[in-house]
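Enquirer: Have a look at this one before I ask anything.
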Amino acid sequence: MKLIEYISWNDDIMIERPLAQWSGTNFVTDASWGDNGKGKIVDLMAQRADMVIRINGGPNAGHTVVNPQGEFALHLMPSGIFNPEAICVLSDTVVINPFTLTEEIKVVRQAGIEVNNKNLLISKNAHLIMPWQKRRDGLREVARGGKRIGTTGQGIGPTYSDRTERVGLRVGDLLAPEFQERFDQELVWQEKLTALMSGNNEVVHYDRDRILEELKEAREMIAPMITSVIPVIWEYHSSNKSILGEAGQGVLLDLDRGGYPYVTSSHPGIAGFNLATGIPPKEVARVIAVTKAYTTRVGEGPLPTELNNEVGEMIRSKGHERGVTTGRPRRCGWLDIPALKYGIRVGGVDSLALTKIDIFDGFPEVAICVGYEVGGKIYDTLPDANDIEFMYQAKPILKILRGWDNDTTSSRLFSDLPENARKFVKEVEEAIGRPIELVSVGPDREASIYL
Ligand code: IMP
């Protein structure tokens, strides 16, 4: 890694402008590899939303929310469920494991929040993740050998692939009078497919009666919430109600614009928002990307700023960097500005929320990656995340900044932050060329500095 000298600084004053003041249609995403703290930001913004829509992915996502109602690890349920005035939507382009969803509904109900068709709508057009897709996910990973993707094992890829192939079961099928027939047809096909994938000529049987029984229970719980969501979304949008879109994962994991094949199977950026809602991108008032003060990634694939040393280990342990869904340790590195700039461009991002700067409290120095060196050329923006070879070759060019000793977790105003932490924020803002609207210094709603 190449080091650039300490930067000098002239103390700019930042103007306070609350992120919490918003209206129209807004979208919260992640411009890198996910896990940057969207749950907290969506929970904060959802307090003034009329509608919160989860747009992509499924139970591969893990959104941690800490609020007065408790601490929650949500996978499918939009974080807006904690606002009694808001209606949450799981859109067509989300893949839904009905058993995960019903478990989450139970957890939220235990916290005293009623979940019914007044505050949760589930698209009848969303695909269901069934046990066979999870099994296929695992079998495919084994078959990839050394080239495994490191999926979350939740059946995401196989379910989206069934969707693309125009097969599989959808949420609305649960309500169809001929559901059992459709289920049995699917089962026969999936048993053959699984047997083929297992490769040892064994006959595969899924436990038909048990799955049907569990699906019956799930259907009883969610049936009143199953509907056609697009007309409702459109009604809210056209009457200028406050709509908040919530992505899973991050733009660098986008199936088409991320680093294929080390991607997920959906679209976390503005294109995914459009597909999920039918709202044209130009009618979205603001797209906010959440990013940590450093970079993390779970699963395989290139990570140019990865720190395989004690600094990386310190970030991982202080930042509790383990996957919410899988418990896997996350790979950690310095903030990767070239990758972030690409994610911002592709994802249609207007502004950022910078989370977890408190993890750097006590670090004598911190760094940001301001460019890559590839084949003797310098790049300040990643040209194409899908060029995986480029990503593997990228040598990060680091800018080293002075760290800070003081604790930032009790800061509530920008001016409360130690001088070097303020310089860090300003440096990141200048490097990415987008305003930072919020700095988060802890998991609670209150641990937020509005800029
Ligand atoms: P899949 O989405 O389970 O198929 O996994 C594909 C890739 O996306 C793997 O590298 C996963 O670790 C990664 N991934 C999936 N969901 C998330 C997420 O919510 N946060 C971060 N990485 C994720």
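The values are calculated or read from the model by the stated rules, or taken from the named source; none is laboratory data. Note that the coordinates shown come from a computational prediction; the quantities given were computed from them, not determined experimentally. Ideal geometry is used to build each Cβ from the backbone, glycine not excepted, and the neighbour counts take in all protein chains shown. We work out accessible area using only protein heavy atoms, side chains counted, and drop any ligands, DNA or RNA first. Shrake-Rupley method; radii C 1.70, N 1.55, O 1.52, S 1.80 Å.
Enquirer: State which residue is surrounded by the fewest Cβ atoms within 10 Å (Cβ to Cβ) when the search covers only the range 224-283 and only residues that are charged (D, E, K, R) and closer than 28 Å to residue 323 by Cβ. Talk me through it step by step, then tell me what you get.
Expert: Filtering the range 224-283 for residues charged (D, E, K, R) gives 235, 241, 246, 254, 256-257, 282-283.
Then keep just the ones that are closer than 28 Å to residue 323 by Cβ; that gives 246, 254, 256-257.
Details: 246: 30, 254: 27, 256: 12, 257: 22.
Per the criteria, the residue is 256.
Enquirer: Among the strands (runs of 3 or more DSSP E) lying completely within the range 323-401, list those that include at least 1 residues that are surrounded by 23 or more Cβ atoms within 10 Å (Cβ to Cβ).
Expert: Output list reads 331-336, 351-355, 365-374.
Enquirer: Hey, another quick one. For the range 252-284, name all the residues that are within 12 Å of the ligand (Cβ to nearest atom) and either in a helix (DSSP H, G or I) or at positive phi (or both).
Expert: The answer is 252, 253.
Enquirer: Report, ordered by the first and then the second residue, all pairs with beta carbons closer than 6 Å, sequence separation of six or more or different chains, a first member in the range 183-196 that is of a type outside the set (Gly, Ala, Ser), and a second member that is not in a helix (DSSP H, G or I).
Expert: So the pair list comes out as 186/169; 191/204; 194/204.
Enquirer: Please go through the range 149-185 and pick out each residue that is surrounded by 14 or more Cβ atoms within 10 Å (Cβ to Cβ), away from the ligand (no atom under 16 Å from the Cβ) and of a type in the set (A, V, I, L, M).
Expert: 169, 171, 174, 176
Enquirer: Take the conditions more than 27 Å from residue 231 (Cβ to Cβ) and either surrounded by fewer than 22 Cβ atoms within 10 Å (Cβ to Cβ) or at pLDDT 90 or above (or both) and apply them to residue 56. Does it pass?
Expert: On the way: more than 27 Å from residue 231 (Cβ to Cβ): no; either surrounded by fewer than 22 Cβ atoms within 10 Å (Cβ to Cβ) or at pLDDT 90 or above (or both): yes.
No; evaluated as a whole, the condition is false for this residue.
Enquirer: If you don't mind, there's one more thing I want to ask. Report, by residue number, each residue of the range 28-45 that is more than 12 Å from the ligand (Cβ to nearest atom) and touching an Asp or Glu at 6+ places or on another chain (Cβ under 8 Å).
Expert: 28, 42
Enquirer: Taking residue 425 as meeting all but one of (1) at pLDDT below 95; (2) open to solvent by less than 10 Å² (accessible area, probe 1.4 Å), write down the number of the exception.
Expert: Residue 425 satisfies every listed condition except (1).
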